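Worksheet for the structure shown next.
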Amino acid sequence: MLKMFLGFVVSVVVLLSSAYVPLLGARAYAVSATVLITQIQAGGVGAATQEFIVLYNNGTEEVDLSGWCLTNKSSATIACFSPPGVGHETYLPAYKHAVIASAPFAITQPVGTVTLTYTPISQSSGSITGGSDTVSLIDHLGNVVDRHTWTTSLSSGMQFERHGTGAPTVYQDTDGAADWSVTVSGVLPVDETEIDTTATDSCPNIDGVQSSVPADKELSQTGECVDRIVLLLELTELLPNAVGTDMGQEFIELFNPNDVSVEMKDYVLLVGQNYENTYAFPVDVTILPHKYIRFTNTDIPYGLLNSSSRVAIALAANGTILGEVPVYTDPPEGQSWALINDVWQYTNQPTPGLENLAMDEGLLDAKSSTQQPCALNQYRSLETNRCRLLSSNMGIITPCKDGQYRSEETNRCRNIATDAKTVTSCDEDEERNVETNRCRKIVAASVPAPCKAGQERNPDTNRCRTVTKMPNASYGVLGAKTDGGGNLYVVAAVAGVLLLALGYAIWEWHDEIGKFSRKHYRRMIRFARLSK
């Protein structure tokens, strides 16, 4: 009976074990027979956004990775390969690596190392969490190809690495913790993927394969590449040196000579001696046919030097220059550099957005006629139109009058200052005050009269004052000998101190005094009884 019972127990154990083992080996997702995740770094030293993930083709056939993505435990997409059918398919050959890295980490690696770069989801913590996370590889149909989950913290600068052996390497794939270990991040494998360079022909009517429409071509309504119609625009005027502040007053003017409107999105401005600065025009701006348009330096953030520079207009697609302005030099304030009668010249009549006008000499004459004439020793500068002092070689200066001289700073006549002045003498009973230089009476030193009886002379005012008698005090004064009842207060004070001391002694030793008193009281009682 015992043998039958033991046999039953053993049978149950075996059955349960055989049922449990398949459960341990069951996979929670569709396992790829080839592509595996082999390395994961959740953050570099000092930078949590320095992340990378390495894939490896563990099989003998190449795998198309087009449309495959990497996600984290929140199912947020980390990075994706280009989708299939766009002429940029990515293939991973047998026993080769693909490196997917964050942009902050990719810039630290040699060129050609990283296959795919992505921007971290969080600029502080990145897309992968080192403390606990899951990285999944999803194919273009949404199936989980491979996955690695961890709950133990991964320190910065460390990585999860899958175990592999052999040459070429074959990685362990049991979907268990034994497949992985934590190691120090080392040298990454280089990008070994292959890109399908077969591109869709964007211009089937042109010989060869064009992956994109050439800059000088455009697609017609029938889908064929035709020559791009380039509409020329003319630069006609610019104001580099405005009166007062340049902000909002400098302008560049263009003219549309065509019979159709022109959209400015296809053009750019080039500014500088060597056209080193390029500026796009504001969006949705169109020049009507045979019309002018002006752009200030608040519409476009350019800067025109007041010394010398030049401007050009070019195609945004390829930078071909369509028109340019000759170099201007030292433009006068308030005058524009304008194209007038096919000649570039300065004009004192800026006309932003309108047809250009030539220099008006009458405005110059009218302006000069309203000005005050210069002084005899001055002349008007042709550059600044202001009065300036004549130099010694530019004319004869009227000599100064007697008692005057010409200032070297102002070139004007000034009175000659007298170095010494005559000072009136003081009277016999006066003297000259050194501080004020004025005469004052001489105060004779005299002997003061003696004070009267009962008075004394005050040493501060030198005047006599009555001597005040001090009353007799009934108390002692410190430092003086006194007569009277002052000792009574001293005796009272000493007696008080003694009483306080006696009271404190009685309170402090009242137990001893009581014992002493009771002891001697008993002795006296016994003595009295014996005496009877």
task = Report yes if residue 99 is within 28 Å of residue 211 (Cα to Cα), crowded, with 19+ Cβ neighbours inside 10 Å, more than 31 Å from the chain's Cα centre (by Cα) and modelled with pLDDT of 95 or more, otherwise no.
result = yes
Within the stretch 401-411, the residues that are at pLDDT 75 or above and assigned to a loop (DSSP other than H, G, I, E, B) are 401, 402, 403
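For every residue, the table says whether it meets (1) modelled with pLDDT under 95; (2) among the hydrophobic types (A, V, I, L, M, F, W, C); (3) over 22 Å from residue 231 (Cα atoms).
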site	(1), (2), (3)
282	yes, no, no
301	yes, no, yes
306	yes, no, yes
311	no, yes, no
317	yes, yes, no
321	yes, yes, no
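Name the residue that is farthest from the chain's Cα centre (by Cα), counting only residues in the stretch 55-96 that are hydrophobic (A, V, I, L, M, F, W, C) and assigned to a strand (DSSP E or B). Please lay out each step first, then the result.
First pass over the stretch 55-96, keeping only residues hydrophobic (A, V, I, L, M, F, W, C): 55, 63, 65, 68-70, 76, 78-81, 86, 92, 94.
Keeping just the survivors that are assigned to a strand (DSSP E or B) gives 55, 63, 69-70, 78-80, 92.
Working: 55: 39, 63: 47, 69: 36, 70: 34, 78: 29, 79: 30, 80: 33, 92: 44 Å.
Ranking the qualifying residues of the stretch 55-96, first place goes to 63.
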Scanning the stretch 283-342 residue by residue, those surrounded by 12 or more Cβ atoms within 10 Å (Cβ to Cβ), without any contact (Cβ under 8 Å) to a residue 40 or more places away in the chain and outside any loop (DSSP other than H, G, I, E, B) turn out to be 286, 308, 340
Selection over the stretch 156-180 where residues are surrounded by 12 or more Cβ atoms within 10 Å (Cβ to Cβ) and either part of a strand (DSSP E or B) or in contact with a Gly (Cβ under 7 Å, 6 or more places away or on another chain) (or both) yields a count of 12
### Message
Among the residues in the stretch 182-194, are any surrounded by 15 or more Cβ atoms within 10 Å (Cβ to Cβ), among the aliphatic types (A, V, I, L, M) and under 30 Å from residue 293 (Cα atoms)?
### Response
no
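The values are calculated or read from the model by the stated rules, or taken from the named source; none is laboratory data. No experiment lies behind these values; they were computed from the predicted model shown. In this analysis, Cβ positions are derived from the backbone assuming ideal geometry, glycine residues included, and neighbour counts consider all displayed protein chains.
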